[in-house]
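Here is the structure we will look at, set down as structure tokens.
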Amino acid sequence: MVSYFGCASSSNSIRYSEHSKETENNSPSPRYGEEQTAANDTEDLPADEKSVDISSLTNDESLRNSSVKERVLMEVVRYLNTPYAYGGDSKSGIDCSAFTQRVYSDCLSYNLPRTTVQQYSEGIEINSIKNLKFGDLVFFNTRRLTKPGHVGIYLGEGLFAHASSSKGVIVSSVKADYYSSRFMGGRRIESFASKDTHGR
């Protein structure tokens, strides 16, 4: 049975060699097996989406009592408009699961797995959008073959940060029709929750 991993693959894949563009466009990624390639399962995110202003979150009085929440929000701001790069994991280009992995690592010293599907197995399952809290991972069905196909970080007030394949790192509304209809669930990381960051 072929395994499909989501919007990011491991950093040691051959698709990230010096010839990554040629490899990506012309040959199958080794993690997809002989029958399937990444090109057969492209992500379907809105191309005309605009980033949501998060100044109300970064000016929130509660930040004074939550250095972890402040660090997460400032890290999100630092990454805003970073271009999307499938397999990328830096400010020069990043994909969705690398973005969540970086924020969790840099702000919380928590090592998330590298791929969206692996991250979907972490922590406590949250089934409803209304039960999401700050810092929860949020997952969406955006691909035909890979489920979930996309991941972001919930910021409260119905907003989440993510690396969009069409717009790069952006803040979107989880309640927008596109995302609410594709919402697969959230995951709450216990070590994050214990740091008292969870105001809605």
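Some notes on this structure:
- First in the stretch 167-189 and closer than 19 Å to Gln119 by Cβ, second anywhere and in a strand (DSSP E or B) and of a type in the set (Ser, Thr, Tyr), Cβ under 9 Å, 6 or more apart: Val169/Tyr84; Ile170/Ser164; Ser172/Ser164; Val174/Tyr154; Tyr179/Ser172; Tyr179/Ser173; Gly186/Tyr154
- Candidate set: the stretch 178-197, residues that are charged (D, E, K, R) and at pLDDT 95 or above; chosen: the one surrounded by the fewest Cβ atoms within 10 Å (Cβ to Cβ): Arg182
- Residue check for Ile170: among the β-branched types (Val, Ile, Thr) and farther than 19 Å from Asp48 by Cα: no
Residue-by-condition table, conditions (1) among the polar types (S, T, N, Q); (2) within 21 Å of Ser180 (Cβ to Cβ); (3) out of contact with any helix residue (DSSP H, G or I) (no Cβ under 6 Å at 6 or more places or on another chain):
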| site | (1), (2), (3) |
| --- | --- |
| Gln101 | yes, no, yes |
| Cys107 | no, no, no |
| Thr115 | yes, no, no |
| Glu122 | no, no, yes |
| Phe140 | no, yes, no |
| Thr146 | yes, yes, no |
| His150 | no, yes, no |
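- Scanning the stretch 135-152 for residues that are buried (at least 23 other Cβ atoms within 10 Å of the Cβ) and in contact with a strand residue (DSSP E or B) (Cβ under 6 Å, 6 or more places away or on another chain) yields Asp136, Leu137, Val138, Phe139, Phe140, Thr142, Pro148, His150, Val151, Gly152.
- Counted residues, the stretch 133-179 - those being part of a loop (DSSP other than H, G, I, E, B) and of a type in the set (Val, Ile, Thr): 3
- Enumerated helices (runs of 4 or more DSSP H) restricted to the stretch 65-119, each holding at least 1 residues that are of a type in the set (Lys, Arg): 67-79, 96-108
Here's the yes/no breakdown for (1) touching a His at 6+ places or on another chain (Cβ under 6 Å); (2) buried (at least 19 other Cβ atoms within 10 Å of the Cβ); (3) closer than 18 Å to Arg71 by Cβ; (4) among the small types (Gly, Ala, Ser):
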{"site": "Gly88", "(1), (2), (3), (4)": "no, yes, no, yes"}
{"site": "Ser92", "(1), (2), (3), (4)": "no, no, no, yes"}
{"site": "Cys96", "(1), (2), (3), (4)": "yes, yes, no, no"}
{"site": "Thr100", "(1), (2), (3), (4)": "no, yes, yes, no"}
{"site": "Cys107", "(1), (2), (3), (4)": "no, yes, yes, no"}
{"site": "Tyr110", "(1), (2), (3), (4)": "no, no, yes, no"}
{"site": "Ile124", "(1), (2), (3), (4)": "no, no, no, no"}
{"site": "Asn127", "(1), (2), (3), (4)": "no, no, no, no"}
{"site": "Asn131", "(1), (2), (3), (4)": "no, no, no, no"}
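The values are calculated or read from the model by the stated rules, or taken from the named source; none is laboratory data. Everything quoted here is computed from the prediction, not taken from an experiment. Glycine gets a Cβ as well: all are built from the backbone with ideal geometry, and neighbour counts include every protein chain shown.
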